[in-house]
Structure formats: C-alpha cells, structure tokens
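**Student:** Would you mind keeping the following structure in view while I ask a few things?
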Amino acid sequence: MSKINIDEYSYDDALKFINTSVDCVIIVDGDADKYRTLVKRGIFTDYIDDEGDYIDLVRKLWYHFNNSDEDITEDYHVFIPNEGRFGGKYSKRVNIIENDITHVIQMTVYPIEANSTYLFLIDELETAMFVNEELTVQKVNTIQNTYLFSMYIDLVSDSTSSISVTEISDEVMQQEIKYSEWRNMIINMIWPEDQQLFLERTDPDYLKKNFAPGRTASFDCLMMNLEGKYIWVKLIFSRSETSNEDDYRFVFMVQNIHENSIELLETMKKYEHLASRDSLTNVFNHGRMETEIRNALYAKQNKNRDVSLMILDIDFFKHVNDKFGHSTGDVTLVQFTQIISEYIRDLNAVLGRWGGEEFVVVCYDTPYEKAIALAEGLRSTIAGEPFGKIGQITCSIGVTSINADDSFDDAFNRMDRALYNAKSSGRNCVKSV
Ligand code: GH3
Ligand code: MG
Ligand code: MG
C-alpha cells in the first residue's frame, strides 16, 4: 500500500473508508419500537440481529455487558437510562461478552429526525489499547463493588436525584423519580417477608422522626439482583448535616453484603446446633428438651393439640458399663437413639437426651391411647434389636398426655411416676398415668 498524501486525500476518500470500516450501523424508529441493521461485521455478525424490538436492543447494549449475558429481571427495567431516547448526539463505551471473551465497543447515537429516529454507529475497539484502563476500572470496582446503587433524596420535595446503579452501569441516571414513586417501584424487588420492614424504615415520617442531622443508620434485607436472585443487602440512610430542622436531605445506598451474611447465617446455625444438641448422641440435649416440653404445653393450651410425653430409661445400664466398659456403653447409647429416631422418623415427634441413659420423646398430635401403643411398639423394637457384643438390651417407658391445666412439673412428674411404675413392675414394659 502506497503512503497516503494527506494533501490529496478527499472527503469522498474518507467516506469510502468509513463505508468499509464501521463495524455495525443500525437504524432505529424509537416511536414504533423497531430497529433494522444496515450493516454488521466482525463480532456483530452474531451479536446483533437483523431487526427487532428497539427496547431489546437497548437492554442488550446497556445492561449486563460487564459480568454476564443473562437477562435482567423485569423490575430493573425501570432503571434504563433515558429509556433509549436521545435529544442529541450521544456516545458510550461498553464491554460486551461473546463466548467468554470481553470486547470493548464504542457506540455513537445520531438522532436524524425529531421523531425518535436514530442511527447507531457501533465499532469494536482494539482491546489491547484498553488493558490499563480496564485494570483501573477493576480497581475502582473492587473498592466499590459492594455498592449496588445509591441516590440522593429530598423528603421535603419528595424527589430523588443522581441515581447510580453500579451493577447495571457506571452512568449516573438523571431520571427524576419522586421518592414516593421510587418506594413503590423498589418494593417489588424486596423479599416478600421483608417488605413490611422496608416500608416502615423507608417511610418519610419514620426517617424524619428517627434521623437527627448527620445520623446514619441501616437495616438488612433480601433484595432481588439483576438476575432475579434474592441476595442480602444493607440499605443505608444518611441524613445530611444541616442547621435547618426542616431540611430533610438524605443519601441512600444499597450495599451488597450477601457473601458475609450467608457465612454469618451458617455460623449461627452451627452455634444453634452446638447449643441444642447432645454431643454424644447428636439428639436434642436437656435444655433444648425443656424448651420442647414448654412448646408442647403451649400447643395443648393455645392450639388444643393432643400432645403426649414419654420417658425411656435403659434397664440395668450400669451392668453394660461394668461388664463391657464405658466406651461400649457410649456406643450402645448412640445405637439406642438411632433406633428411636428411625422409629419416630415419620411422626411429628421430637427426641432428646434427658440425661445419662434417659431419653424423652415429645409426641405432637398424639392422643393418650396412641402414645401408649407407640411406646409399646418402641419398647418391643428395642428389645428385639441386637446390640453388638452386648446382645439384647431392654428399656422401661413412662407415658403421659398433657392436660390443658398442666404446669411443666405436673406433666413431667406424671411421666416420671409412670416410669417408676414400669421399673418397679419388673422393667421392659410401658406404664402410663
Ligand atoms: P435401672 O434399670 O434401674 O435404670 O438400672 P440402671 O443401671 O440403668 O440405672 P442406674 O441409674 O443405677 O445407672 C445408670 C448408669 O448409666 C450409670 C452410669 O454409669 C451410666 N451412664 C450414664 N451416662 C452415661 C454415659 O454417657 N455413657 C456411659 N457409658 N454410661 C453412662
Ligand atoms: Mg436412669
Ligand atoms: Mg436405667
């Protein structure tokens, strides 16, 4: 190729060059919500359709170019900047992902008539030229990536401004949404059980009453992200410093706290498990069973549900320890609870270790007679089960049903008396009171 002499280079030459080098040209009728692609080359051959709905094109080009190509959930469409309307020439650079490769594209929008007709000129840029720029953007994002969006609120004029939705785009949107409208829009993105809390805490009267100038406070809830998945977020309100008591300006920010929250919830579950389980047998411990018996009293007294209690005590367990050793005794206790757990698996019943070789079962929706039959079945199952080298073991069971006027001690002592009767009647039997 011979070197171009710029003195001889004409505007026609330039047009010829542009004609073959712009990667994609699209004509848009915004009013009819239609577009048609006039030319497309390179990555746009597959990425851009020949024609289609303009709104789909806007969504494709504005959203989700950063991290994924998934559709964004309908509720977020309220944040489309300008709603695809342009009052003059407009230009924007975005990343799009095709086959896991990020492409930097530049698009320029030319309004060509007053009535929402536009030409889109789109080019893929040389990615290598943006490596440093990308790294800088990434650094900034790493600092900021916990922020999903932020905005400025003036309660007195019921207005919002400078909404920035960082998960969607780095652009600040100059949409004029009233604060009250914004609450109504955002409520759909809040997890249904958290909506009440959201409405309370974002209520203008609540904010006025509870935020002195300069005060910042937050609450956590589940909120839908772009892909329609609920994630944990922190909603932060911060009232501007002011000496005017009637000046209610706030900065509002949504922070993504999902990963930390999930970790925290798992830790809490672990602690709850540790606090409520018996470490040897892994069934509920004494404290947890006391709570369960109180829950059972509540179920009888407030919901009129039939609840029965039983206590199982292994017969002559001391002999097992004396003859086979303490660790064999431990293994026996574990197997004993496994048999009971298996037996009550499909029932609405809760098993726990009351202490030593004594276990309690709270049986919901189980009347007296049914509880006696259940205990009898359990007793014979245990008596028929081989326990390794120690052979057979048996247990004695005391059964009672909760009365509407029972105190904890009333119910418990009755059950204990029944167990005492079973022991003094020769063991390996069920007694009830
Ligand atoms: P009874 O038929 O009257 O209930 O006789 P028993 O021997 O089972 O009753 P006793 O209350 O005299 O003894 C209970 C034994 O349970 C004493 C204790 O060594 C044993 N034991 C209690 N907790 C554990 C434990 O965690 N592991 C083991 N291996 N043994 C335990
Ligand atoms: Mg005992
Ligand atoms: Mg015993």
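**Student:** What tally of residues in the stretch 193-230 results from selecting those that are of a type outside the set (Asp, Glu), under 19 Å from Gln255 (Cα atoms), within 22 Å of the chain's Cα centre (by Cα) and modelled with pLDDT of 95 or more?
**Tutor:** Looking only at that region, the number is 11.
**Student:** Related question: Working only within the stretch 356-377, note down all residues that are among the acidic types (Asp, Glu), farther than 18 Å from Arg417 by Cβ and either within 34 Å of the chain's Cα centre (by Cα) or within 16 Å of ligand 2 (Cβ to nearest atom) (or both).
**Tutor:** Answer for the stretch 356-377, where residues must be among the acidic types (Asp, Glu), farther than 18 Å from Arg417 by Cβ and either within 34 Å of the chain's Cα centre (by Cα) or within 16 Å of ligand 2 (Cβ to nearest atom) (or both): Glu357, Asp365.
**Student:** Follow-up. Could you please give the count of residues in the stretch 410-433 that are part of a strand (DSSP E or B) and out of contact with any strand residue (DSSP E or B) (no Cβ under 7 Å at 6 or more places or on another chain)?
**Tutor:** So the answer is 0.
**Student:** Right, another one. Does the stretch 308-355 hold any residues that are under 20 Å from Leu419 (Cα atoms) and near ligand 1 (Cβ under 7 Å from one of its atoms), and which are they?
**Tutor:** Across the stretch 308-355, the qualifying residues are Asp313, Ile314, Asp315, Phe316, Phe317, Lys318, His319, Leu333.
**Student:** Can you find a residue in the stretch 97-106 that is β-branched (Val, Ile, Thr) and at pLDDT 90 or above?
**Tutor:** Taking every residue of the stretch 97-106 in turn, none turns out to be β-branched (Val, Ile, Thr) and at pLDDT 90 or above.
**Student:** Something else now. Inspect the stretch 349-368 for any residue being within 16 Å of ligand 3 (Cβ to nearest atom), assigned to a loop (DSSP other than H, G, I, E, B), of a type in the set (S, T, N, Q) and over 24 Å from Gln335 (Cα atoms) and give the result as yes or no.
**Tutor:** No, every residue in the stretch 349-368 fails to be within 16 Å of ligand 3 (Cβ to nearest atom), assigned to a loop (DSSP other than H, G, I, E, B), of a type in the set (S, T, N, Q) and over 24 Å from Gln335 (Cα atoms).
**Student:** Need pairs with beta-carbon distance below 7 Å; first residue more than 14 Å from Asp158 (Cα to Cα) and within the stretch 197-211, second of a type in the set (Phe, Trp, Tyr) and surrounded by 14 or more Cβ atoms within 10 Å (Cβ to Cβ); sequence gap 6+ or separate chains.
**Tutor:** Qualifying pairs under 7 Å: Leu197/Phe219; Arg201/Phe219; Phe211/Phe237.
**Student:** Across the stretch 284-343, what is the total count of residues that are under 38 Å from the mean Cα position of the chain (by Cα) and assigned to a helix (DSSP H, G or I)?
**Tutor:** Qualifying residue count for the region: 27.
**Student:** Can you name the number of the only condition in (1) within 16 Å of ligand 2 (Cβ to nearest atom); (2) out of contact with any His (no Cβ under 7 Å at 6 or more places or on another chain); (3) on the phi > 0 side of the Ramachandran plot that Ile340 fails?
**Tutor:** (3)
**Student:** Answer yes if at least one residue in the stretch 333-348 is of a type in the set (Gly, Ala, Ser) and out of contact with any Phe, Trp or Tyr (no Cβ under 6 Å at 6 or more places or on another chain), and no otherwise.
**Tutor:** yes
**Student:** What are the residues in the stretch 324-337 that are within 16 Å of ligand 2 (Cβ to nearest atom) and more than 11 Å from Phe387 (Cβ to Cβ), if any?
**Tutor:** Within the stretch 324-337, His326, Asp330, Thr337 meet the criteria.
**Student:** From the list Asn282, Asn321, which residue is without any contact (Cβ under 8 Å) to a residue 60 or more places away in the chain, within 15 Å of ligand 2 (Cβ to nearest atom) and surrounded by 13 or more Cβ atoms within 10 Å (Cβ to Cβ)?
**Tutor:** Asn321
**Student:** Please work out if His258 is modelled with pLDDT under 95, surrounded by 14 or more Cβ atoms within 10 Å (Cβ to Cβ) and more than 24 Å from Thr160 (Cα to Cα).
**Tutor:** For His258, the condition - modelled with pLDDT under 95, surrounded by 14 or more Cβ atoms within 10 Å (Cβ to Cβ) and more than 24 Å from Thr160 (Cα to Cα) - is met.
The values are calculated or read from the model by the stated rules, or taken from the named source; none is laboratory data. No experiment lies behind these values; they were computed from the predicted model shown. So basically every Cβ, Gly included, is an ideal-geometry build from the backbone, and we count neighbours across all protein chains shown.
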